[in-house]
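See structure below.
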Amino acid sequence: MSYNLLKGKRGIIFGALDENSIAWKTAERVHAEGGTFVLTNAPVAMRMGQIKVLAEKTGSEVIPADATSQEDLENLVIKSMEILGGKLDFVLHSIGMSINVRKGRHYTDENYDFTTKGWDISALSFHRVLQNLYKADAMNEWGSVVALTYMAAQRTFPDYNDMADNKAYLESIARSFGYFFGKEKKVRVNTISQSPTATTAGSGVKGFDGFISYAEKMSPLGNATAQDCADYTVSLFSDLTKKVTMQNLFHDGGFSSTGVSQEVIERFSE
Ligand SMILES: NC(=O)c1ccc[n+]([C@@H]2O[C@H](COP(=O)([O-])OP(=O)(O)OC[C@H]3O[C@@H](n4cnc5c(N)ncnc54)[C@H](O)[C@@H]3O)[C@@H](O)[C@H]2O)c1
């Protein structure tokens, strides 16, 4: 069902790698709600990914950009405004990668070059994106920027490794930048803390299958899917949430407020 919530709105969507990606589902949903956008991803991801299929489906153009490159981001912001014919109303940052996780390095044995690179991609890139939008005066008033995060920023999930620290940093940027973007340009900045979701990035976390079914059993509403996340993101891009800013918004079927569920108790009762 569509409600034309984003009719006439323009934006940039980072991070659609394949059809499982949260950004992919969001792009489809934004398109259905009447929004137009530029799709972007790291040049290396474009070679592996299927982003062109999504671009055709949604009538979008693709501009490669490494989210750690100032030059790429500057070009992306300027070109997007040219292509879309004006300033932007929404931006989705859906980017994450830990090299320590990929290479199987334990949290107590981090390779700090990997840590730094992962932080640059997963956390600092959010500041870079915001700073580029801010300096280019690229956002319309009441525009909305959303980044995706995970609850490991607040609570320990041992196998989430250094991504937990990256997410804590990312969430802090939403508050810090959100202040200035709100005051100066009436733009809102939020993070969505999403349930574990079966995607390329998600499945890279060790023990992900156990992790996702545990969360499912712990959440009164069940895990939020990528599709659910797309719906929620649309609401944050729409004019219906104009005064929501600098928040970390849990989108997890109730997981974050649940101490224990009946299903989990039964599992541990003899
Ligand atoms: N899947 C989960 O369980 C889950 C849960 C909560 C939050 N998240 C977050 O959601 C976001 C999207 O992840 P996803 O689960 O859809 O997985 P995904 O693997 O589909 O998306 C991650 C994206 O990051 C992109 N990326 C990596 N390095 C980049 C760079 N240097 N420049 C630009 N883009 C780069 C990848 O190409 C990919 O498109 C991430 O921030 C992730 O941490 C995921």
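The values are calculated or read from the model by the stated rules, or taken from the named source; none is laboratory data. Just so it is clear, the structure is predicted and the values come from calculations on it, not from any experiment. Every residue, glycine as well, gets a Cβ built from its backbone with ideal geometry; the counts of neighbours run over all protein chains shown.
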> Looking at the stretch 103-116, which of the residues that are of a type in the set (S, T, N, Q) and assigned to a helix (DSSP H, G or I) is nearest to Asp159 (Cα to Cα)?
Replying inline: Thr108
>> For the stretch 82-92, check the following and say yes or no: at least one residue is within 14 Å of the ligand (Cβ to nearest atom), in contact (Cβ under 8 Å) with a residue 60 or more places away in the chain and touching a helix residue (DSSP H, G or I) at 6+ places or on another chain (Cβ under 7 Å).
In response: yes
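Okay, residues lined up against (1) touching an Asp or Glu at 6+ places or on another chain (Cβ under 6 Å); (2) within 22 Å of Ala16 (Cα to Cα); (3) modelled with pLDDT under 95:
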| position | (1), (2), (3) |
| --- | --- |
| Asn140 | yes, no, no |
| Asp159 | no, no, yes |
| Val189 | no, yes, no |
| Thr200 | no, yes, yes |
> Tally time: how many residues in the stretch 70-107 are crowded, with 18+ Cβ neighbours inside 10 Å and of a type in the set (Gly, Ala, Ser)?
Replying inline: 4
